[in-house]
Amino acid sequence: MSTRDWIAARGRPLRGEVLVPGDKSVSHRAIMLASLADGVSRIDGFLEGEDARATEAIFRTLGVRIDAPGPGVRIVHGAGIDGLRAPAGALDCGNAGTGMRLLAGLLAGQGFDSTLVGDASLSKRPMRRVTGPLARMGARIDTGEGGVPPLRIHGGTVLSGLDFDNVLASAQVKSALLLAGLYAQGETIVREPRPTRDYTERMLAAFGWPIEFSPGIARLSGGHRLRATDVRVPADFSSAAFFLVAATLVPGSDLLLKQVGMNPRRTGLLHVLRLMGADIVESNPGEQGGEPVADLRVRHAPLRGIQVPEAHVPDMIDEFPVLFVAAACAEGETRVTGAEELRVKESDRIATMAAGLRALGVTIDEAPDGATIAGGSGFGPGTVDSHGDHRIAMAFAVAAQRADGEVRIRDTANVATSFPDFERLADTAGLALRIDAGA
């Protein structure tokens, strides 16, 4: 069977303006809450990626009318909090771990049975972190052997509110419990060891559900209703991250990224890059869909290695692949700790990045919860395997901009899950990247 590889190499300085696609996390949640709301909601900036579209398709299967009058626009005719219909077959989440974990909570409170399935990558990802605490609320969810998908959710159960101290700093676990809490009797409280992304809390408030939240804790009670509202999805910081690092690393770069989502629980990479010496300036602040946004101007700057503060780790968990690339180009050593969550993403991101960096001549030592990356050696030519992980593939496309020859990046088709327009935008900005579809 043929695969889809990239051949990447040094391009030109990154210049001009770039608008990256809409935020995937916000797109998922906007579809979910608009589908459960009373009335008609309009979503602008919806991510036209496979993950978000998988969630959209699931709610259509559950009886929600969703119109798509143009790219990035969805008109959602809400079914109400109790208006979803039983599906005729399994609900396919594709590669979307966020979609599956949040839906596990939302569907646990329905009056019908449902089954969540995913692609080969998602079918290996751990789900007990969600199904365990949901069971304490009264949910009945069966998993595959080892706690992986498919998830078979038994409807018609009575859920009770839960006061939960989560040992994981996981926005997905928190969100699953809050969505189940919409259907639960009494109050649901989620406490976290470190604050995580608060997209679900912000959007529940925007749709009119009474909720209290502050960094590290969220609480709500069941028995209310959601009101339709219009949502503008901000540009995805995780997608912008690849251009932030590329423009930092490539001499002569001066790039403006427009209206990027600046949720403080998402922008850990920005703080870490600045600690390393990056030149990134914010301007034109505003708000979209309840989320803060700003333009980011990034210019080339030399980086120095650092000990990454663990306080920033939960706020940059999706950006570590491209941070590893930045670290390899920095002067001195960069050490990452407290990032064990990277082991259970779309791939084992610590092992996959370490293998790829070594293939390009970088010295990196793995640890269970992170890695130590020796900077300053540059990248040689070579072949790396993304293992179907979209963020790994894009990170090595950035690395190739500082490589001494061509870098083949294997198995890049899954980039479409989060950034369907990456190749065109990369070319526009200055990255040298071409597709080898017959590899």
Discussion item. Among the residues of region 293-309, are any touching a helix residue (DSSP H, G or I) at 6+ places or on another chain (Cβ under 6 Å), under 16 Å from VAL245 (Cβ atoms) and at pLDDT below 95?
Written reply: no
Item to complete: Identify, by number, the condition in (1) closer than 27 Å to LYS258 by Cβ; (2) in a strand (DSSP E or B) that ILE7 doesn't meet.
Response: (1)
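Take the conditions within 20 Å of MET262 (Cβ to Cβ) and of a type in the set (S, T, N, Q) and apply them to THR248. Does it pass?
It is true that THR248 is within 20 Å of MET262 (Cβ to Cβ) and of a type in the set (S, T, N, Q).
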Worksheet item: Consider LEU269 against the criteria (1) under 16 Å from ALA328 (Cα atoms); (2) of a type outside the set (Gly, Ala, Ser); (3) more than 18 Å from the chain's Cα centre (by Cα): it satisfies all of them except one. Which criterion is unmet?
Response: (3)
Discussion item. Out of ALA354, ALA397, ALA416, ALA359, I need the residue that is modelled with pLDDT of 95 or more, closer than 18 Å to GLY49 by Cβ and crowded, with 16+ Cβ neighbours inside 10 Å. Which one?
Written reply: ALA397
Discussion item. Just to be sure I understand the filter: pairs with C-beta atoms under 7 Å, separated by 6 or more residues or on different chains, first member in region 132-157 and at negative phi, second member modelled with pLDDT of 95 or more and among the acidic types (Asp, Glu). Which pairs pass?
Written reply: ARG152/ASP142; ILE153/ASP113; HIS154/ASP113; GLY155/ASP113
Item to complete: Find all pairs meeting these conditions: Cβ atoms under 8 angstrom apart; at least six residues apart or on different chains; first residue within region 1-30 and among the acidic types (Asp, Glu); second residue assigned to a strand (DSSP E or B) and surrounded by fewer than 22 Cβ atoms within 10 Å (Cβ to Cβ).
Response: ASP5/ARG408; ASP5/ARG410; ASP5/ILE435; ASP5/ASP436; GLU17/LEU256; GLU17/LYS258
Fill in: Elements of type strands (runs of 3 or more DSSP E) in region 263-370, at least 2 residues being over 23 Å from VAL20 (Cα atoms) and in the same structural domain as ASP404 (by TED's automatic domain parsing)
333-336, 364-367
Item to complete: Scan region 130-178 for residues that are over 24 Å from the mean Cα position of the chain (by Cα), of a type in the set (Gly, Ala, Ser) and closer than 19 Å to ASP82 by Cα and report the count.
Response: 6
Worksheet item: When you look at ASP421, is it farther than 19 Å from ARG343 by Cα, assigned by TED's automatic domain parsing to the domain that holds THR337 and within 18 Å of the chain's Cα centre (by Cα), yes or no?
Response: yes
Worksheet item: What single numbered condition from (1) touching a His at 6+ places or on another chain (Cβ under 7 Å); (2) closer than 23 Å to MET203 by Cβ; (3) of a type outside the set (Phe, Trp, Tyr) fails to hold for ARG140?
Response: (2)
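The values are calculated or read from the model by the stated rules, or taken from the named source; none is laboratory data. For clarity, every value in this text was computed on a predicted model and none was experimentally measured. Positions of Cβ are backbone-derived with ideal geometry, glycine not excepted, and every protein chain shown enters the neighbour counts.
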